[in-house]
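Report on the structure given below.
No lab work stands behind these numbers, since they all come straight from the coordinates. Note that the structure is predicted; figures quoted are calculated from it, not measured. Glycine also receives a Cβ, built like all others from the backbone with ideal geometry; neighbour counts cover every protein chain displayed.
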């Protein structure tokens, strides 16, 4: 698309032109003998961000959907940078009570929990608002719980409308209607969960292969450190990815045995997503931040699509 090509061409041109235009004003403002009008002091203070602000209108060249995703990426990156100081070791003054307010921010896993709740809710009850690329990944890695022998819309309708009743003993070996639709070929919920976890672990394990230069690095670094760090990262990442998806569906089998029939038919999925999000605790702090920001972008995009679908004003 011609409009796509214009953005990378004009964006650096406008940014550099704005930066050069603001530089003389900043130099004059830094001269002690020169007068210092208020607008020059403002330019000096915000010189690092004004070129980016002035070049931002060029993003109207992108389609609305892509423009929204780019805006969410910038916003989540800003939040990540803003909160990253929480983990930095700085000299803390005892005089300022609010100086270290970032220490009181909630942990990253709470953002992941809220984002997963929003995403699972839209996946089941508002599928038109669910991100398409993430939708394909959920379907691909839920083969043990979303059988391809039945249309996904039929399964989603049963999940969204059922009060989780028991199955008729004469018609099905399953105890519950939901189990009958989620894993029809496996009667045992526990066996199906462990089989699904194993299958997805094998799939996600391919994301952590050794690189061709691993043998060379071993010659120069401590062998045990490299091996154990590699194994630790692979095991944690694989367990997080496979456990997060499979536990969402497995918990539905557990909760329908605990929650009375016909009660909290929709709200129970909030518990599913919240508990399944705890797998993120297996990751390191930096990985938790990165994953949480990615899920935050997807959840915010889903909320934006819901807002538009229900008549909300479009945010350009």
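I need the calculated FRET efficiency for the pair residue 157 and residue 78, taking r as the beta carbon distance and R₀ as 41 Å, to the nearest 0.05.
0.55
For region 232-316, just say rounded, prolate or oblate: build the C-alpha gyration tensor, square-root its eigenvalues into a ≥ b ≥ c, call rounded for a/c under 1.5, and beyond that prolate if a/b exceeds b/c, oblate if not. Verdict is oblate for region 232-316.
Taking other Cβ atoms within 10 Å as a rough exposure proxy, 197, 190 sort from fewest to most as 190, 197. The order of 185, 246, 117, going from fewest to most other C-beta atoms within 10 Å of their C-beta, is 185, 117, 246. Ordering 66, 271 from the fewest to the most neighbouring beta carbons within 10 Å gives 66, 271.
Placing R0 at 30 angstrom, the Cβ-Cβ distance between residue 310 and residue 259 gives a FRET efficiency of 0.55 after rounding to 0.05.
Calculated FRET efficiency, residue 270 and residue 137, Cβ-Cβ r, R0 25 Å, to nearest 0.05? After rounding, the FRET efficiency stands at 0.70.
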